[in-house]
Amino acid sequence: MNKFFERRYVIAGIFITLTVILLARLFYMQIIDDRYLLYAQDNVLRRVYTNPGRGPILDRNKKVLVQNEPFYDIMVIPKQVKPFDTLEFCKLLSIDKDGFSKRFEKAIKYSPSLASIFEKQLSAEVYAAFQERLSEFPGFYSSTRYLRTYPDSVAAQFLGFIGEVTDKDMKRSGNYYRPGDYIGVTGVERSYEEVLRGQHGVQNLMYDSRNRPKGHYAGGAYDTAAVAGERLISSLDIRIQRLGEQLMKNKLGSIVAIEPSTGEILCYVSSPTYDPNLMVGRQRGNNAAELYKNPYKPFFIRPIQASYPPGSSFKPLSALIAMQEGIITPQTTYYCPGYYQAGNRRVPCFHGEAHGTVNLSSAVALSCNGYFDMVFEKLMNFYGAKNTSSTFNNWRGNVTKFGIGSRLGLDMPGEGKGNMPTSAHYDKVYRPGSWRSSTIISLAIGQGEVLATPLQLANIECTIANHGFYYKPHLIKAIGEKDVIRPEYKVKNYVGIDGQYFEPVIDGMQAVVDHGTAALSKISGIVMCGKTGTAQNNHGEDHSVFVAFAPRDDPKIAIAVIVENSGEGSKWAAPIASFIVEKYLRDSITSRPSGMTPEQFINANRLPDLGNYGPKVKAKPIPKDTLKDLGIDSNDKDKKAWTKQPAKRAKRIPGKLVAARIERKENE
């Protein structure tokens, strides 16, 4: 009897234990763990992420540079797909059966239960036809996305472009991005990505077993709306940006214009450029491939990535440093016989001109190499020739305060440093203690190893215009409705030169435009102070350089223009700069006494021969018959000039290269 009661308790205990376990499990499944709720909801609920529109980008006068245009993606959740008419589906999307299979396999590989893009960027017309039949295709739904559109097709290198996120992008963002999202790849789109991208929204939609929508779950109480990205107001002036791109058409080079009183960049031209609309839409990949093939490199951002010898635009820097250190005065003179004797080296003036007796202002006006070579040697030898290395380091430190040799901190990715050589470099090249001022005399006139970006050259002009300081250049002046500028862009960066020493330099720069090398670019009624330059180029004709600011009193614009392979600064860079300056200050362009017009420069072709960019090959003479067919006399004394360069480089038919040169000469 006792055994019976004992068994009864054991059996009851087992049942009670099992009941408690089941109840605990049920409590865990329904209250603690929400996975099963989600599994159940997946059959009737679909979480749809809504994409925000990226913030528009405007110019300084609120003119739209880039805005959004809606496109439609077809999304798929493979696990929810049920049998349907595949052929009709493919017909609606204009794809074939193989294309369908590849897309579906890719979606399964990503995730059977998560949504991914099946077909992207449908036009409104295609989407409308598909939307009417969408309920026939369970597991598929549509999603609206926004792509960029550029009303004026300008400022491509400034604006940059967007592209689909990669796995790395998604991981770095802390899973903010989802497959198919877009992210800034270059330019302002990249540097201000977090401001422009906005915030995703979420809709919880109910569907029945036949994939028919039944409205929002809980009346939309748990939905969140997408938040559009912030509007950016740039510092660019679209008037001079558009003009600058037209003036630089069929040319290699750059224009950078800055407002000296703020550091705001007014014009940012990189040439050749491209239509930014080519980097949008279903043909984006093909268009990008063609642009990458272009030997003139339209994706190369010349204002901040190209480095050039600054040439004569660099000359005033050593003079300013020498005045600050008391080594020279504005009245210090030099007699120029047409050259400067630096040790065993004779450095000629540009065309061997004998300038006679010059002081600082006239040396700037006449661009006398000898005067600035003299100043440089005085600086380098002030503490004796044996201390050249340490004196050079001191000079270098003073020059770098102007922004050469380091990044200026532009709010744009990819900024280059230029180059300011170190004493260690010369120790390596010449042996420590064996080099002197005459060894590096080319630095005095902005040649040799010193290199500067167009942005740095324009910034130097801001420093001269401001009599000794600059604001760091920047491209964005406001975010949303507020003028929000990074704190570092409000700081005056002093270069260590007293304001009084800039006046004789500015006097000389005004004389350059009034009656000097840039006289043909003088603007009636506007006092422009500038400096022409010719930057040496080892791969063809020298680069044309011009830097300036205007007006002299209360400067509103500082500018640097470089036209590659175009010779003296007075011929190409200076006129282009003068058109930009007048357009900005007056919103019009008056006639020049020389008869120059913007149209002449817009229509001119200064692109170098493609052969200059090809691999070096053994020189081959151009056959006489080829020359005859092209209308060139084989006995012409200029024949060598026509045949030498094409034969040096590039595996191309020489005759085509000569024909290109003929066409270019006719255009000139």
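Considering the options Val527, Gln199, Gly55, tell which one lies farthest towards the positive end of the dipole of the chain, charges being +1 on Lys and Arg and -1 on Asp and Glu at the Cβ, about the Cα centre. Farthest towards the positive pole: Gln199.
Modelled this way, with points 7 Å down the Cα-to-C-beta line, the labels at Asn603 and Ala289 are 3.8 nm from one another.
Of the peptides 198-206, 79-87, how do they stack up when ordered by the mean number of other Cβ atoms within 10 Å, highest first? Present the calculation step by step, with values, prior to reporting the outcome.
Details: 198-206: 15.7, 79-87: 12.8.
The densest-packed peptide leads the list: 198-206, 79-87.
Using the Kyte-Doolittle scale, which helices in the chain average at least -0.5 and also have C-alpha atoms spread 27 Å or more along the helix axis, with helices defined as whole DSSP H runs? Helices passing the filter in the chain: 2-27.
Report the FRET efficiency, 1/(1 + (r/R0)^6), for Thr144 and Phe300, where r is their Cβ-Cβ distance and R0 is 41 Å, rounded to 0.05.
Numbers: r = 35 Å, r/R0 = 0.85.
After rounding, the FRET efficiency stands at 0.70.
Each of Phe118, Gly163, Pro487 was placed along the dipole of the chain (beta-carbon charges, centred on the mean Cα), and the one lying farthest toward the positive end is Phe118. Residue order for Trp395, Trp435, fewest other beta carbons within 10 angstrom first, comes to Trp435, Trp395. The H on the amide N of Phe71, modeled in the peptide plane, is under 5 Å from the matching H of Arg145, Tyr146, Leu147, each at least 5 residues off or on a different chain.
Per-residue 3J(HN,Hα) values for the stretch 49-58, derived from phi via the Karplus relation 6.51 cos²θ - 1.76 cosθ + 1.60 with θ = phi - 60°, read 8, 9, 8, x, x, 5, x, x, 10, 10 Hz in sequence order (x marks Gly and Pro).
Would you mind giving the average projected area, over all directions, of the Cα convex hull of the chain in nm² with one decimal?
On the way: hull surface 189.2 nm².
Its Cα hull, projected and averaged over all orientations, spans 47.3 nm².
The calculated 222 nm mean residue ellipticity attributable to helices in the chain amounts to -10000 deg cm²/dmol, summing -39500 (n - 2.57) over DSSP H runs of n ≥ 4 and dividing by all residues.
For the stretch 46-233, the Kirkwood estimate of hydrodynamic radius, built from reciprocal distances between every pair of different alpha carbons, is 18.0 Å. Per-residue 3J(HN,Hα) values for the stretch 587-592, derived from phi via the Karplus relation 6.51 cos²θ - 1.76 cosθ + 1.60 with θ = phi - 60°, read 6, 7, 10, 8, 6, 9 Hz in sequence order (x marks Gly and Pro).
Note on Glu189, Glu325: ascending count of other Cβ atoms within 10 Å places them as Glu325, Glu189, the fewest first. In terms of surrounding Cβ atoms within a 10 Å radius of their Cβ, Tyr340, Tyr207 rank from fewest to most as Tyr207, Tyr340. Annotation: amide H-H contacts under 5 Å for Lys477 (H modelled 1.01 Å from N, sequence separation of 5 or more, or interchain): Ile233, Ser234, Ser235.
Spin-label model, Phe382/Leu87: points 7 Å from Cα along the beta carbon direction are separated by 8.9 nm. Put a dot 7 Å past the Cα of Ser173, heading toward its Cβ, do the same for Asn394, and the two dots end up 5.4 nm apart. Here the chain is assigned +1 on the Cβ of each Lys and Arg and -1 on the Cβ of each Asp and Glu. Its dipole about the Cα centre then comes out at about 2040 debye. Converting phi to 3J(HN,Hα) with the Karplus coefficients 6.51, -1.76 and 1.60 and the offset θ = phi - 60°, the stretch 435-448 yields 10, 10, 4, 5, 5, 10, 4, 5, 5, 4, 10, x, 10, x Hz in sequence order, with x at every glycine or proline. Efficiency by 1/(1 + (r/R0)^6): what FRET value for Asp275 and Ser594, r their Cβ-Cβ distance, R0 = 30 Å, to the nearest 0.05? Efficiency computed from Cβ-Cβ geometry: 0.35.
Ordering 54-60, 261-267, 493-499 by mean Cβ neighbour count within 10 Å, with the highest value first, yields 261-267, 54-60, 493-499. Near the amide H of Asn605, within less than 5 Å, lie no amide hydrogens of residues on another chain or at least 5 residues away, with H placed in the peptide plane.
All of the numbers you see were taken from the coordinates with simple rules; none came from a lab. Small disclaimer: the values here were computed from a predicted structure and weren't measured. No Cβ is skipped: glycine too gets one built from the backbone with ideal geometry, and neighbour counts run over all protein chains shown.
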